[in-house]
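Below you'll find the structure, written out as structure tokens, and then a few comments.
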Amino acid sequence: MKKLKNILKNKELSIILFCLSLVLFVWPFLSSCHENPAMMFVYLFLAWGAIIVFLILMDTNSEKDSSG
Amino acid sequence: MFSPLAVITVFCLYMSILFVIALLVERRIHFVKNLVNNPVIYSLGMAVYCTAWTYYGSVGKAATSGMLFITIYLGPTLTIIFWWTLLRKLVRIKSTYRITSIADFISARYNKSPAIAALATTIAFFGTLPYIALQFKAIFSTFKVITQTSADSSIGHGGNVTYIVVGLMILFTIIFGIRRLDPTERHQGMMVAVAIENTVQLFAFLVAGIFVCYFLYHGFGDILRQFSESRFYPLMSAASKGNSSFTIWTTYTILAMSAIICLPRQFHTTVVENTNEKHIRTAMWFFPLYMFLINIFVLPIAMSGLLKGYSVSQADNFVLLLPLYHGKPWVALVVFLGGFSAATSMIMITSMTMATMITNHLLLPMIGWFRWLGGLRRNLLKCRWIAAAGFIIVGYWFGQLVGESYMLVNIGLIAFAAVLQFAPVILGGIFWRRANKAGAIMGLSAGFIVWLYTLLIPSFVKSGWVSSFLLEKGPWGISFLNPEHLFGVVTLDPLSHAVFWSMLFNIGFYVLGAFYCKSSEEEQRHIDDFIGISKSVVSFAPPAERENTVILNEKAERVENLFKQYFPVLESESMVKKCLCAQGIESREKISVVELAGLQNEAEKLLAGSIGTAAAHKALQAGPLFTDKESLELSTTYADILATLKVAPQELKRKVDFYQERTALLTQHAEELGGKVRELENQVAERKKAEEALQEERRLFVGGTTVVFKWKNEPGWPVEYVSQNVKGQFGYTVEEFIEKQILYASIIHSEDLDWVTEDIKMHSRSGAPYFEQEYRIARADGQYRWIYDFTVVIRAGDGQITHYHGYVSDITERREAQEKLEEAMEVKLKFISVVSHELRTPLTAIREGISLVLSGKAGVVTDVQKEFLHDVKSSVDRLTRLINDVLDFQKLEAKKMVFNLQPADINSVITEATQQLAPLARERKLNLIVKLAQNLPQAKLDKDRITQVLTNLVDNALKYTERGDITISSAKDETQDCICVSVHNPGSEIKKEDIEKLFQKFEQLERGGKRKTGGTGLGLAICKEIIDQHRGKIWVVSKAGKGTTFNFTIPIKSDG
């Protein structure tokens, strides 16, 4: 748990999260479900929700400093 | 259905409530105070991104293109991941430069260029105008839906209603956002109103979604299942099957990624309205969550609308139509209100921002060119009102003109593509050191022109405003220049095509300009500020002490004159004071050039807050504060600093950056720690104070011997309050006094009660504020104790005594000791009396015997024998006096001497005493002179004792006088109302330090270098006691060459 918290405090995590989001929201991942709107709906909202959860965790574990 | 009047009424009511809330927030009313500087309000303010386009258009887009609409919200989420780096940097720059808008920001970065600011304003104008049209389109079409039976979703001509709505939008924009000129350009009241609108919007959409999913169908799964079996299924999935689906998806995502910062309203809500960097952290998840929630029902509503048989062309209004035509008009009204909220918040924020940009970056430069427009400077606020109104009206007009040809979503994307042109200059500006003004102008211009040509003009063509020949054959038949297939590119959809070419030209020229044009020195300074801003928020301290040569008044006057061009006189004066205070030079007469530079910066910043950085910079340049000499001195100062430090400018910069970063960190840590320390110190101080008070109370009331009473002024003195330690002192408990009502009088000794009562009455009548008594009380165990009672009288306003406060201490031990002492004194006195008597009897016999022998009756006495006998007699006299003195003194000290005070004539007492001492005086060859005042009143005195005093004083005078006259006089002292008797001798003086000891017992002083013998050292002490008993005074005056005078007074009206 402490390790996870340390990871979440890492400033470079935002870059990894961005890359991961980019991969999740564009081709080729989307191509696997793009023919079925219902499936795409579920997939996109799940992925989106996961990113939001990540952002919440990053906020709650962030060091309350202003350095950047 | 609802009547137009009812809907307008609801609309006005809703806006009025919002206005009241906004007003309360701005006035910092207690119960809304928490809404100011609140991260949730800040995050909800950002949701102005979700306009009527989101509300209605997303459903329309979903009905035709499936999940493509979601890119508009996924894009911002991707950008938001970097906000802690990106947005924080923008916020810091905003705070440093007092940025008011996106155009202001870009201009500030590129050497505060008015040209760039004007260009950015123009792009923003063209980019946001369609958006305003979009909002009006949404309002009017939904208004028509909710007020008519027809479900026509096109912009109708609702008669006067459209004008009313436009008018109200102008009114609300002005009263919410442009009521006054604010140097910070932050509108906390408006932001709270917008946050509430966005909350209403989300709530309404969720209500619509829940209604559709759970009242019209059996949940998400049911809708998805039914839809997959319907004929519409291929329609929705077809959008993602085409060849360009990837391109469109990517284009939409890129546009949305940039829009979240580059849209003027977004820049305003995220950057300009930010009051605390830390709020960004909250917004980083709160805003994506908002978008997530508002979009979760979009696809089900779109599917549901199609399944219910509505046409695709009605898809934009599905969210309204479904509840309206399925028996839930009130849900429809809530939905309408939600959509209305979305549209109004967007219109208000955008119009306000555009009004600021238009006045600051278009109007003010024009005023600079055309002198006859100079008067407008003083009416900047009114200019903003006109700009906002004009912008809204033009937006409405644009909607009427070209809106029919496009669905809502297309208009929104035109705006997105326009503001995308800002992205390279903003990102390059804060991350790329080489980026410069020339590149920015070239890039922005090129990108804007290409956007205009490839996207806006085709929209005009599609609206039937321009000939369709342009899109079919290209200009002048040149297909190579076809706006939608520029340079022969035919594979891209029109939007991706426009984005591709505009970005290519924009970035291309931006980079080209950066490489081929050199930045000026001043621009280089701004570059350093912008790129290195995240390292520090601390400004330079004054570099060095310089001589104060600049007269401050002159400069302040110049600054004030400059401010007066834009603001009223009073406000200008206040702003000047603010500048001076910020620099800490308000009380100075002269300042240094370095401080003058600080003043100029402060004035520019303050002005920039109202008119933008470019205009403020230009205004300061037009009327510079520095003379040539001062400029030279400032340059020399900075050069000196570099020379002194012996470092290269770059090295200095690096070091300054490093230390500023450290300072920023340390300052923040120190502030945090300081806050905690202050908090702890306060806690400790409060605790210490409370402990001390407690200890004091304990000492006084619990552990101490003083019992505090509060008695009512009623018969028996019932106790109203008594301190807890009463049990220890009195044996009674507090309850017994308070609840069982034991009267205080009941515990006073029966022998003392009468006089205590009388004494209290007497003191109360006299009006004394307090009095003291010593009496006995009976403890609970029956034991009597002596107490000392210090009583304070408490009176009401009318002077009536209501209570007594008593501080009562047990003095039994002291009283017992005193009684024992008195007994001992009594014994001592008796002993002395007996001894004295026993001594005096033989001495009298001896004296009489000697006298007999000396008289010759006992035989002849020779001269030698006579001499011896005289010596013996004088020793016997001396011994007799000594015994008498000792006896008298003991009696006086033990207060046993009885004074027989009778009215008597003091002169006769003096005469008598003088006569007794006359032989002695003659013997010593001295004269006794008596000077008596005539008609002296009689005084109450003990003749024998006063004679004793006089005898003692005259005898002393005779002893210490070698020659001369001894004068005894009497006089009346009118001021003191007493008789004064003096005994003067011309003998040697008494030293000042000896005078104080003179009346002390057993003191015999040396006078004239020799000590007289024959005294007991008690004479004057006895005199003092006797005079004291007569309530008079005795004192001595002795001066060199003038002799010594003993004085005493006897009061004429003595009570004694």
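Helix B:628-645 and the long axis of chain B differ in direction by around 80°, with both axes built from C-alpha atoms. Dividing the summed helix terms, -39500 (n - 2.57) for each DSSP H run of n ≥ 4, by the number of residues in chain B produces a 222 nm estimate of -20000 deg cm²/dmol to the nearest 500.
Length, then width, then depth: along the principal axes, the Cα atoms of region B:817-892 run 61, 16, 13 Å.
Note on region B:356-446: the alpha carbon radius of gyration divided by the globular reference 2.2 N^0.38 Å gives 1.43.
Subtracting the Cα-Cα distance of B:Gln683 and B:Phe790 from 0.36 nm times their residue separation leaves 34.8 nm of extension gain. For the protein assembly as shown, the mean projected area of the C-alpha convex hull, equal to one quarter of the hull surface, is 79.6 nm². Dipole of region B:539-646 computed with +1 at Lys/Arg Cβ and -1 at Asp/Glu Cβ about the Cα centre; of B:Leu580, B:Leu606, B:Leu632, farthest Cα towards the positive end is B:Leu606. Between B:Lys727 and B:Leu852, full extension at 0.36 nm per residue minus the direct alpha carbon distance yields a gain of 37.5 nm. In the protein assembly as shown, taking the dipole from charged Cβ atoms about the Cα centre, the farthest positive-side position among B:Thr802, B:His870, B:Ala389 is held by B:Ala389.
On a 0 to 90° scale, report how tilted helix B:750-766 is relative to the longest principal axis of chain B, with both axes built from alpha carbons and the result rounded to the nearest 10. Computed tilt is about 70 degrees. The equivalent ellipsoid that matches the C-alpha gyration tensor of chain B spans semi-axes of 111, 40, 24 angstrom, in descending order. Computed over the alpha carbons of region B:421-520, Rg followed by Dmax gives 15.4, 47 Å. Cross-linked pairs B:Lys518/B:Lys577; B:Lys689/B:Lys712; B:Lys94/B:Lys564; B:Lys828/B:Lys1001; B:Lys278/B:Lys555; B:Lys830/B:Lys992: Cα-Cα separations exceed 28 Å for B:Lys518/B:Lys577; B:Lys689/B:Lys712; B:Lys278/B:Lys555; B:Lys830/B:Lys992.
About its Cα centre, the protein assembly as shown has a charge dipole of approximately 2100 debye under the convention of +1 per Lys or Arg Cβ and -1 per Asp or Glu Cβ, with nothing else charged.
Take each residue in B:211-224, count the other chain C-beta atoms within 10 Å of its C-beta, and the mean is 1. In the protein assembly as shown, if the dipole is taken from +1 on Lys/Arg beta carbons and -1 on Asp/Glu beta carbons about the Cα centre, which of B:Leu596, B:Ile175, B:Gln902 is farthest to the positive end? Among B:Leu596, B:Ile175, B:Gln902, the one farthest towards the positive end of the dipole of the protein assembly as shown is B:Leu596. For peptide A:37-50, the mean count of partner chain Cβ atoms within 10 Å of a residue's Cβ comes to 6. Estimated from the Cβ-Cβ distance and a Förster radius of 56 angstrom, the FRET efficiency linking A:Thr60 and B:Lys590 is about 0.55.
Here is the tail figure for region B:1-146: Cα pairs spaced more than 22 Å apart come to 63 percent of all pairs.
If the label point is 7 Å along Cα→Cβ of B:Asp759, which residues in region B:773-787 have backbone nitrogen under 16 Å from it? Residues B:773-778, B:785-787 qualify, since their backbone N sits under 16 Å from the label point.
Both radii are taken from the alpha-carbon atoms of region B:905-983; with Rh as the Kirkwood radius, Rg/Rh is 0.98. Extension gain for B:Val490-B:Glu974 works out to 161.3 nm (0.36 nm per residue, less the C-alpha to C-alpha distance). Cross-link partners of B:Lys943 among aspartates and glutamates, defined as those whose alpha carbon lies under 19 angstrom from its own and excluding same-chain residues fewer than eight positions apart: B:Asp885, B:Asp888, B:Asp905, B:Glu912, B:Asp955, B:Glu1025, B:Asp1028, B:Asp1055. Each semi-axis of the equivalent ellipsoid for region B:539-646 is √(5λ) with λ an eigenvalue of the Cα gyration tensor; in descending order they amount to 25, 15, 12 Å. About its Cα centre, the dipole of region B:703-810 is roughly 200 debye, where the only charges are +1 on Lys and Arg Cβ and -1 on Asp and Glu Cβ. Under 13 Å from a label point set 7 Å out along the Cα-to-Cβ vector of B:Glu819, the amide N atoms of region B:751-794 belong to B:775-777, B:784-787.
Each of B:Glu826 and B:Thr636 was given a label point 7 Å from its Cα along the Cα-to-Cβ line. The distance between the two points is 10.2 nm. Distance between the C-alpha centres of region B:94-108 and region B:291-358: 34 Å, rounded to the whole angstrom. Relative protection proxy for B:92-99, B:126-133, B:790-797, from highest mean packing down: B:126-133, B:92-99, B:790-797 (other beta-carbon atoms within 10 angstrom).
Rounded to the nearest 20, the size of the Cβ-charge dipole of region B:539-646 about its Cα centre is 240 debye, with Lys and Arg at +1 and Asp and Glu at -1. Label separation (B:Gln621 vs B:Asp528): 2.0 nm, computed from points 7 Å beyond Cα along the C-beta direction. If R₀ is 45 angstrom, what is the calculated FRET efficiency for the pair B:Glu714 and B:Ala693, using the beta carbon separation as r and rounding to 0.05? After rounding, the FRET efficiency stands at 0.90. Here r is the Cβ-Cβ distance between B:Asp798 and B:Tyr770 and R0 is 30 Å; the resulting FRET efficiency, rounded to 0.05, is 0.95.
In this rough spin-label picture, where each label sits 7 Å from Cα along the Cβ direction, the B:Asn601-B:Leu936 distance is 9.2 nm. Compute the angle between helix B:298-307 and the longest alpha-carbon principal axis of chain B, please, reported from 0 to 90 degrees and rounded to the nearest 10. Once rounded, the angle reads 40 degrees.
Readers should treat all values here as calculations from the given coordinates under stated rules, not as data from a laboratory. Just so it is clear, the structure is predicted and the values come from calculations on it, not from any experiment. Here Cβ is always computed from backbone atoms with ideal geometry, including for glycine, and neighbour counts include all displayed protein chains.
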